[in-house]
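Report on the structure given below.
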Amino acid sequence: MVKQFIRALGVDDTSFQLRADAYTSIVGAVYRGRGILEDVLTSIIEVDGLDSTEKIVEMIKGSKHLNQLRAIFLSGITFGGFNTVNIKELYQVLKIPVIVILEKKPDYERIKVAASRTKNYDRIITYIKEAGEVTPVQTSKGRIYIQLSGSNINNALKLISLFQVNSKIPEPLRVAQLIAKIFKRENTLIKSS
């Protein structure tokens, strides 16, 4: 059984201008249960770089929430263009289940073509393969697609449903997306917290 007031983190990225911005920000929203926003974490990542996994780890380890978090929800595995999160490494380092939430199934052929234009193509493809199958799941709020590290589908579904309020997207991730959109409109780089 999953406790009602556990904490989870949702992570999304802010926008950037292609070929103009070298860096962009990631935003993390820490929630306790489905209704209490406890903290907002930020970090800066390189556009199309290889530091998103490291920056998420640093963001969490540098917060007071490291030993409190029971799940990390990611809005996909790529941030800042093709700065791809290694979800296996993220789980191995933090020992917190990683649940990637997608609203639609990725088109991997298009992703491979786009990624081939980056300097880190081989690493990107490796991380995508290591992230495992994208699994469709039905929640009480609607169908989503997930990838997992450190959890099985049953436990992931319990965590997802615990944090769903009015959307199929878990609240920590939904709020991280909303906060990131503010900075997308302002085109602002957020200083690391």
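Coordinate-derived values only; no laboratory data. None of the values given here were measured: they were computed from a predicted structure. Note that we place each Cβ from the backbone using ideal geometry, even for glycine, and neighbour counts take in every protein chain shown.
Laid out as a table, the results:
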quantity	calculated
Exposed GluC sites (Glu not before Pro) absent: longest stretch of the chain, with sites in DSSP loops and at most 15 other Cβ within 10 Å deemed exposed	1-102
Most mobile listed residue (Asn67, Asn154, Asn86) in the chain, GNM with C-alpha springs under 10 Å	Asn154
Label-point gap, in nm, between Lys181 and Lys88 - each point 7 angstrom along Cα→Cβ	3.5 nm
Segment 7-183 - share of DSSP beta bridges that are antiparallel (%, nearest 5)	80 percent
Trypsin sites (Lys or Arg not before Pro) restricted to segment 34-124 and DSSP loop, no more than 11 other C-beta within 10 Å	Lys64, Lys95, Lys104, Arg117, Lys119
Principal axis box of segment 1-104, alpha-carbon based, largest edge first, Å	46, 32, 26
Kirkwood hydrodynamic radius (C-alpha pairs) into Stokes-Einstein, the chain, 25 °C and 0.890 mPa s, D in µm²/s	148 µm²/s
